[in-house]
Amino acid sequence: MGRWSCSNLPDGTSTQLASWQALLGRGANAQQTSRNARYRSGMDEFRARRVVDALRDRGVNAHLLRGGVDQFGIRVSLTGGRDAEWDTDGTAGLEAQVMLDGMLVGYVPQIEGSEDFDESQIVDAIARTDYDQPIARQRTVAPEPGPPLTREGGVFRRFLDGFRYR
């Protein structure tokens, strides 16, 4: 399989290709960029793990959630056996579903401006969420941090996760 260039295209195609490349301002081998460069496909594993660790340091019972192939999020264990599953659907904004035994019992609507949040803002938003109503809301002030919880995995954390940390 040879590489395509303007010289080995069918007659008439090379000039058309060259004019499109000149119009777009890139060479034949340049990859087209995404239309929406700000879009991120959800949360990557390392970012989710850092957020979980920061939440556990604040006393929030958070866990790394593996939602599927290359889908990671944060699971917060709530009272009454409920779990809040944050950012597992692959969208850029921050939202959550509140689940009880696999049934949807509430949700947190997408937080305005959350697609541009850094990790500390994500931690603050999750910690400030009040889950008492079916449609959760953000408190104006975060509750006092509880005693820090131990990080998941303990001594064998790197071993169990395949030594993939940076």
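Key figures for this structure:
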| item | result |
| --- | --- |
| Qualifying residue in segment 72-86 (condition: surrounded by 14 or more Cβ atoms within 10 Å (Cβ to Cβ) and of a type in the set (Ser, Thr, Tyr)) | no |
| Given (1) surrounded by fewer than 18 Cβ atoms within 10 Å (Cβ to Cβ); (2) not in a strand (DSSP E or B), number of the condition Arg66 does not satisfy | (2) |
| Meets criteria (small (Gly, Ala, Ser), in a strand (DSSP E or B) and under 20 Å from the mean Cα position of the chain (by Cα)) for Gly106 | no |
| Condition broken by Ala92, with the remaining ones in (1) within 19 Å of Leu149 (Cβ to Cβ); (2) within 12 Å of the chain's Cα centre (by Cα); (3) aliphatic (A, V, I, L, M); (4) part of a loop (DSSP other than H, G, I, E, B) satisfied | (1) |
| Segment 117-156, residues that are in a helix (DSSP H, G or I) and free of Cβ contacts under 8 Å to residues at least 12 places away in the same chain | Gln121, Gly154, Val155, Phe156 |
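No value in this document is a laboratory result; all are computed from the given coordinates. The structure presented is a predicted model; accordingly, all values stated were derived computationally and were not measured. Because the Cβ atoms are built from the backbone with ideal geometry, glycine has one as well, and the counts that use them run over all protein chains shown.
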